[in-house]
Amino acid sequence: MAQPETVSADLSRPLDWSWATVMVVDDEEINRELLAGIARRQGVGTVVQAKDGLDCLHQLERTAPDLIILDIVMPNQDGFTTCSRIRQIPQWADIPILVQTALTSPQDVLACFEAGASDVVAKPIRPAELSARIRVHLENRRMMGTLRDANLRIHREMQGAREMQRTLLPSRTVLDDLRTRHGLWVEGRVEPLDGVGGDIWNIVPLSDTLIAVMLADFSGHGLMAALNTFWLHAFITRQTEAMRQPADFLKLLNSALRENLMRGHFATFFFGLIDLERDEMHWSGAGAPKPVLTLGGEHFQLDTTGLPLGLTDRAVYTSHSVAFPPGAGLLLFSDGLTDVDIGDGQKMESHGLVSRLEGYPSSIMDADLNNLWDTILPPGTGHLTDDTTAVWIRRQRLTKSDRQDNRFLSLAGIGTEPAKLWVAQMALPTNLTPPGGIAGRPIHLVASGLDEALATAFTTPFALIVEANDDLIAAPPPEELLQPPGDNQIMVSMTTATAYRLPLAMLFTDALFAQGLIAEAAKGGILLALQEAVANSVVHGNLELHSPRRAFENMRAYWAEIRSRLADPIKANRLITLDARIRDALIAITVTDQGRGYNPDMVQSRDPSRPHGKGLKLISQLALSRDVTQGGRQHVLTFARDRA
């Protein structure tokens, strides 16, 4: 290993004072010239002279000296008054003042220092002593300037780091979306002790019904703790699938932090999973302060027993569950809030925080976070000694009027008069896109035979596509279509004849991806399985062709039989329906026919060497599960949304 290079300072080389400005203040011109000459011989670049105290103050308004050599006994305004007034002006207060005076009694010297002098030199002036003092004060001035510049640079960098750390927190857009779509009012407040800190919180919608919330508090303060929050944020953004099991998620985080944190560093952590569908919250803790659950007007502290993350691989974490219905509230906080000194050296602790919440003068569910903060820590009653974070989550009940129905009815090849039942009962705009930038979800009614219009409909953010023949359009719309659908469902219904002509599975799969219901990695497997499922529903279900291909002389005869059955209007107009709905990290696609259906289990039990049934085996390999109902007419295929 190469030895480090050692650089020695050349102490014999005189320092450069050409940058410096010295102001000499004396009522005797000969004294001013003497003092100015001594300063110039030291290499001072600029020397300014003032004949008395008033002249000194006047020149300070346009000159910024690095040192003032000040006489005490002067007419108009003496040195004591001048020195005192200089110290009262903020922009001059740090200029070193070297007093030169014949008043050398201890009381006089003390008066000089009390007036604000930095140093005192006695008259008559000894050039060598004055030269040494000039060098000392200019060198101090240089070092203070360097330190001030460094502090300013550090302050700017810390401000930049703080702004960067703020970008890790949930954005206003995310919080607004949680309120409008999920009925969750979420507020957060972070008060770092040193500009940046080791606290971070986040809330992540995993689906329409599952919301993950977390708060971490890293050991230490300042930049080192803040760097850990950047690493944690980058890590957890890639772990959304693992968040569905709180205890397992903490175990995963613990292992990752053990590998990446510096020795001796750790983090307390709370992780909660709010299930809006089941009105529950599941959580796990790693030594975090106990959050307060507000339910039915009472306050409960949640168990967060568990070792902090990053200490040991042997840590064990436990999942807990509690009711979290509409009207419930959850207050998360770091220990900076409970460690605050409330007087006589006593800390607030968790029980003190709960006691103050119980004293809130009105319904706590109507309080915003700032009101709660002031209730827990009234202004002027305590001083924060640690990074402090609080997160307040309130669950509100969504009424039907709270949800904005952005659907509209789109008619293709069908007039409003034939579709009057649909137009009247759905009470939606017809053939109009929603105004004001709302992302509308069309319900397409497309007349039979308009294949191009049907294919185009798949490229829109549709909620429903219906191929409408005369019988269908003359009937009222199904009851489920009268309710505003969520953004996690699309449906398609078309006749057997059209499903046979169009690449229905491909169009549907592309629409799932375009609307964000599946990831690109999942498209291939879903498409292959859906092609087989649609083909089975068309051929075996609606066309009722249950004979295997080998029962025909050749493929030409097989396809001829299919065309023959398609010529039957009853069979050709039977509907094939595809209904896709998100279930957390999964997507369930239901394929329904109106024919005789088919029983895949019976087909699978046949001789595996026979060609009949190989498509069903492919579905079983690609789908996570397959459920068959309605006598074989309905098949529910479940896939992972983000992977093959």
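Tabulated data for the structure shown
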read-out: Residue check for SER362: among the hydroxyl-bearing types (Ser, Thr, Tyr), more than 30 Å from ILE443 (Cβ to Cβ) and at pLDDT below 80; value: yes
read-out: One residue from LEU232, LEU175, LEU223 being part of a helix (DSSP H, G or I), touching a Phe, Trp or Tyr at 6+ places or on another chain (Cβ under 9 Å) and more than 22 Å from LEU307 (Cβ to Cβ); value: LEU175
read-out: Matching residues in the stretch 340-381 - criterion: being under 19 Å from GLN301 (Cβ atoms), open to solvent by 70 Å² or more (accessible area, probe 1.4 Å) and not in a helix (DSSP H, G or I); value: LYS347
read-out: Residue match in the stretch 544-554 (condition: open to solvent by less than 10 Å² (accessible area, probe 1.4 Å) and among the aliphatic types (A, V, I, L, M)); value: yes
read-out: Filter pass, LEU110 being in a helix (DSSP H, G or I), without any contact (Cβ under 8 Å) to a residue 24 or more places away in the chain and either at negative phi or open to solvent by 60 Å² or more (accessible area, probe 1.4 Å) (or both); value: yes
read-out: Enumerated strands (runs of 3 or more DSSP E) restricted to the stretch 280-323, each holding at least 1 residues that are open to solvent by 40 Å² or more (accessible area, probe 1.4 Å), farther than 18 Å from ILE203 by Cα and without any contact (Cβ under 8 Å) to a residue 60 or more places away in the chain; value: 292-295, 298-301, 320-323
read-out: Within the stretch 62-108, tally of residues that are hydroxyl-bearing (Ser, Thr, Tyr) and over 16 Å from VAL120 (Cβ atoms); value: 2
read-out: Any hit, the stretch 448-463, residues being in a strand (DSSP E or B) and either at pLDDT below 75 or open to solvent by 20 Å² or more (accessible area, probe 1.4 Å) (or both); value: no
read-out: Residues of the stretch 259-279 satisfying the condition of being in a strand (DSSP E or B) and among the polar types (S, T, N, Q); value: THR268
read-out: From the options ALA557, ALA572, ALA580, residue that is at pLDDT 85 or above and over 20 Å from MET506 (Cβ atoms); value: ALA572
read-out: Single residue of the stretch 113-136 satisfying the filter (more than 60 Å from the chain's Cα centre (by Cα) and touching a residue at least 24 places away in the same chain (Cβ under 8 Å)) that is surrounded by the fewest Cβ atoms within 10 Å (Cβ to Cβ); value: PRO127
read-out: Residue check, LEU330 within 21 Å of ARG244 (Cα to Cα) and part of a strand (DSSP E or B); value: yes
read-out: Check on ASP487, modelled with pLDDT under 80 and open to solvent by 20 Å² or more (accessible area, probe 1.4 Å); value: yes
read-out: All positions within the stretch 222-279 that are open to solvent by 10 Å² or more (accessible area, probe 1.4 Å), in contact with a Ser or Thr (Cβ under 8 Å, 6 or more places away or on another chain) and hydrophobic (A, V, I, L, M, F, W, C); value: ALA247, PHE266, LEU276
read-out: Members of the stretch 29-41 found to be crowded, with 19+ Cβ neighbours inside 10 Å and either touching a helix residue (DSSP H, G or I) at 6+ places or on another chain (Cβ under 8 Å) or among the hydroxyl-bearing types (Ser, Thr, Tyr) (or both), listed by number; value: LEU35, ILE38, ALA39
read-out: Residue in the stretch 137-149 that is open to solvent by less than 80 Å² (accessible area, probe 1.4 Å), modelled with pLDDT of 90 or more and not in a helix (DSSP H, G or I) present; value: no
read-out: Answer residue from the stretch 67-107, given it is in a helix (DSSP H, G or I) and polar (S, T, N, Q) and is surrounded by the most Cβ atoms within 10 Å (Cβ to Cβ) among those; value: THR82
read-out: Residues satisfying the stated conditions in the stretch 599-637, i.e. at pLDDT below 65 and open to solvent by 60 Å² or more (accessible area, probe 1.4 Å); value: ASP601, MET602, SER605, ARG606, ASP607, PRO608, SER609, ARG610, PRO611
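Residues are listed down the side, and each one gets a yes or a no for (1) open to solvent by 30 Å² or more (accessible area, probe 1.4 Å); (2) closer than 23 Å to THR629 by Cα; (3) touching a residue at least 60 places away in the same chain (Cβ under 8 Å); (4) charged (D, E, K, R):
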position: GLY516; (1), (2), (3), (4): yes, no, no, no
position: LYS523; (1), (2), (3), (4): yes, no, no, yes
position: SER537; (1), (2), (3), (4): no, yes, yes, no
position: TRP559; (1), (2), (3), (4): yes, no, no, no
position: ARG565; (1), (2), (3), (4): yes, no, no, yes
position: LYS571; (1), (2), (3), (4): yes, yes, yes, yes
position: ASP579; (1), (2), (3), (4): no, yes, yes, yes
position: ILE589; (1), (2), (3), (4): no, yes, yes, no
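The values are calculated or read from the model by the stated rules, or taken from the named source; none is laboratory data. All figures in this text were calculated on a predicted structure; none of them were measured in a lab. Backbone-built Cβ (ideal geometry, glycine too); neighbour counts: all protein chains shown. For accessibility, only protein heavy atoms count, side chains too; no ligands or nucleic acids. Shrake-Rupley method; radii C 1.70, N 1.55, O 1.52, S 1.80 Å.
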